[in-house]
Amino acid sequence: MSPNLTLYAALVLYAAGTIVALATLFTREKRPQHIALGLMIAGFVAHTVWIGTICVRTHHPPLTNLPEAAGFMAWTIFAVELALFIRYRVHAASFFVYPLVLMLLTVSAVVHEPFVKSPAAISRLFITHILLTTTGVAGLLIGLAFGGLAWAQDRALKSKHRGALWDWIPSLNVCKMVSYRALSIGFSVYTLGILAGILWSYRTSAELMDLRVKQVGAVVAWVLFAVVLQAYVNDTYRTRRTAIIGACAFIAIVVAILGIHHV
């Protein structure tokens, strides 16, 4: 079976699930949300088969180029979102997470790069670097999504005006707790990934960093996420300033992801 078949199947199912989920912004019924979740889970199964097929064919984790890393990140993000949904029943996260998963997997489908089949040609340190950074970024993006929910909930409470998300957002404390934990864990793992990347760069080029777009974006994102995390510690995470910094951190992460190239 061609890996592209399961990739495109996952993409179609994710697209359908995202559309159905976004449509629930105009209704308070939960059934469409359940349908959207079912479609996303079906896409997740196809996504998992795609990743497994790559691993079998190449004999290494799918982390050696942009399509693989973007696909693995999308897989990790949805896996975390699914676990959080089972634990907290947060429907509103779908409005942020589902489109993000769809966009990342679209990158995997659009960008064509050959898979490396020789394990000897791949640095284990490089794989560790990509694994840690992609996992860390997944946690950070989940944290941003729940931070956005906390910000929307806080704005609604202060203005006493129920927005479209009101019926889908859990309590403010739940949003804050999940966001802070996701950001804390994601930031720690992401930091380890950056350190592994610096060590890999030093071993391969005798330089700590060659300051290409990917590296600059990753470091800028690290700094901005550190500021966002500090805002949680200071209990100022619901301010407009923190929201803007979070948006800038997201952009920096996107720049870093798009800068990933074949090892």
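The values are calculated or read from the model by the stated rules, or taken from the named source; none is laboratory data. Since the model is a prediction, treat every value here as computed from it, not as a measurement. Note that each Cβ is placed from the backbone with ideal geometry, even for glycine, and that neighbours are counted across all protein chains shown.
A few remarks follow.
- Subset tally (residues that are surrounded by 13 or more Cβ atoms within 10 Å (Cβ to Cβ), assigned to a helix (DSSP H, G or I) and either hydrophobic (A, V, I, L, M, F, W, C) or modelled with pLDDT under 85 (or both)) for region 112-128: 3
- Contact annotation: residue pairs with Cβ atoms under 7 Å, 6 or more positions apart or on different chains, pairing a residue in region 215-227 that is modelled with pLDDT under 90 with a partner that is not in a helix (DSSP H, G or I), are GLN215/MET209; GLY217/GLY259.
- Long-range neighbours under 8 Å by Cβ, at least six apart or interchain, first residue farther than 24 Å from LEU131 by Cα and in a helix (DSSP H, G or I) within region 230-257, second β-branched (Val, Ile, Thr) and at pLDDT below 90: ALA231/THR239; ALA231/THR242; THR242/THR236
- Which listed residue is farther than 15 Å from VAL97 by Cα and surrounded by fewer than 21 Cβ atoms within 10 Å (Cβ to Cβ), from LEU25, LEU5: LEU5
- Checking ILE54, ILE19 one by one, the residue that is among the aliphatic types (A, V, I, L, M), assigned to a helix (DSSP H, G or I) and farther than 30 Å from SER123 by Cβ is ILE19 and no other.
- Answer from ARG89, ARG57, ARG31 - the residue that is among the charged types (D, E, K, R) and without any contact (Cβ under 8 Å) to a residue 40 or more places away in the chain: ARG31
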